[in-house]
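Participant: Structure in structure tokens, see below.
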Amino acid sequence: MFTYYQIPISRNKTFVVFDDTITRLQQSFSFSPKPRKNVVNLAGVACGGKSQVALEFCHRARISEQFGAIFFIKGSSTTSIEKGFRVIADKFNIPKTDPPEARLKTVKAILSAWPTPWLLVFDNYNHEDLARLEPYMPDGPQASFLVTRKAEIMKPRELETTVYLPELRLQDAVDLLLTRSAVAQSDENYEQGVRLAMALEKIPRAIMQAGTYIKKHKITIAAYLRMFQDGDSRTAASLLYDIRKRMPS
């Protein structure tokens, strides 16, 4: 059977947002007549949830059997990409004694001949030019590629092949916070959740970090909000500071 799934992180059941975006991705990869390489960009702001959305899309695609094989690798650098391909080569039992270039070539040959639709995800690719990925994109009629990228580096010619991740809605941000933190679904917690979600600028990674801390340390949302407002280093304050520095002025 030509099925293989290399999705490195188990499904995050608390990340139940951006359904519309995932539906658009599913439609973008429908197998109607397509170019030699079916490349779709998933673009959004830093820490806006691109990786989580890509992972959830992959898990749903596996369940629905949209692809016979999925390979999810980090695309932030040449080193991380080549490491990802080494993992694939190991799974394909390509001899480790072969030179790295030969192992990569063999992986590409196997994928080019794969008889069922397959997907290769390059997560967190931060270069402006997709041409740098060409050496790692096998040809073949069944090939598809998903590249998560920052919206500010997208080029006009790529707009037609890009799905944009919208800003998280306030209600979804609060629901994510309450679910992640495992607090009681009370009016008080919802009110405090709104305040904290707004303070965290509705950024998914910051909200998930806050929820995890609240659950782990068994504190209230209000207590975490006070810590955050006081600049406590254990909160998402430093994360938000880093995000603001990376955003275009």
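The values are calculated or read from the model by the stated rules, or taken from the named source; none is laboratory data. Predicted model only: the values in this text are computed from it and were never measured. Every residue, glycine among them, receives a Cβ derived from its backbone with ideal geometry; neighbour counts consider all protein chains shown.
Participant: Going through region 55-92 one residue at a time, which ones are free of Cβ contacts under 8 Å to residues at least 24 places away in the same chain, crowded, with 20+ Cβ neighbours inside 10 Å and under 30 Å from residue 19 (Cβ atoms)?
Facilitator: Within region 55-92, just 84 meets the criteria.
Participant: Across region 207-242, which residue is nearest to the chain's Cα centre (by Cα) among those that are without any contact (Cβ under 8 Å) to a residue 12 or more places away in the chain and within 17 Å of residue 182 (Cβ to Cβ)?
Facilitator: Here the residue is 216.
Participant: Oh, and also: Any idea which of 22, 7 is touching a strand residue (DSSP E or B) at 6+ places or on another chain (Cβ under 8 Å), of a type in the set (Val, Ile, Thr) and at pLDDT 90 or above? I'd like the intermediate steps shown before the answer.
Facilitator: Working: 22 fails: touching a strand residue (DSSP E or B) at 6+ places or on another chain (Cβ under 8 Å).
When all the criteria are applied, what remains is 7.
Participant: Give me the pairs: first residue in region 143-154 and farther than 30 Å from residue 115 by Cβ and assigned to a helix (DSSP H, G or I), second residue at pLDDT 75 or above and acidic (Asp, Glu), beta-carbon distance under 9 Å, and six or more apart or on different chains, which are they?
Facilitator: 153/128
Participant: Let me ask something additional. Take the residues in region 168-205 that are of a type in the set (Asp, Glu) and in a helix (DSSP H, G or I), then tell me which one is surrounded by the fewest Cβ atoms within 10 Å (Cβ to Cβ). Lay out the reasoning, then the answer.
Facilitator: Kept after step one, since they are of a type in the set (Asp, Glu), are these residues of region 168-205: 172, 175, 187-188, 191, 201.
Narrowing the set further to residues that are in a helix (DSSP H, G or I) leaves 172, 175, 187-188, 191.
Values: 172: 18, 175: 20, 187: 7, 188: 12, 191: 13.
Looking at the filtered set, the residue picked out is 187.
Participant: Considering only region 89-117, how many residues are modelled with pLDDT of 95 or more and within 21 Å of the chain's Cα centre (by Cα)?
Facilitator: Residues in region 89-117 being modelled with pLDDT of 95 or more and within 21 Å of the chain's Cα centre (by Cα): 0 in total.
Participant: Filter region 82-132 down to residues that are touching a Leu at 6+ places or on another chain (Cβ under 8 Å) and hydrophobic (A, V, I, L, M, F, W, C) and give me whichever is farthest from residue 41 (Cα to Cα).
Facilitator: Filtering region 82-132 for residues that are touching a Leu at 6+ places or on another chain (Cβ under 8 Å) and hydrophobic (A, V, I, L, M, F, W, C), the one farthest from residue 41 (Cα to Cα) comes out as 89.
Participant: Here's another thing I want to ask about it. Looking at residue 138, is it in the same structural domain as residue 55 (by TED's automatic domain parsing) and modelled with pLDDT of 85 or more?
Facilitator: Details: in the same structural domain as residue 55 (by TED's automatic domain parsing): yes; modelled with pLDDT of 85 or more: yes.
Considered against the rule, which asks whether it is in the same structural domain as residue 55 (by TED's automatic domain parsing) and modelled with pLDDT of 85 or more, residue 138 comes out as yes.
Participant: Quick check on region 156-167: of everything there that is in contact (Cβ under 8 Å) with a residue 40 or more places away in the chain and farther than 19 Å from residue 19 by Cβ, which residue is surrounded by the most Cβ atoms within 10 Å (Cβ to Cβ)? Steps first, answer last, please.
Facilitator: As a first pass, look at region 156-167 and keep what is in contact (Cβ under 8 Å) with a residue 40 or more places away in the chain: 158, 161-167.
With farther than 19 Å from residue 19 by Cβ added as a condition, the list becomes 158, 161.
Numbers: 158: 17, 161: 15.
The extreme case among them is 158.
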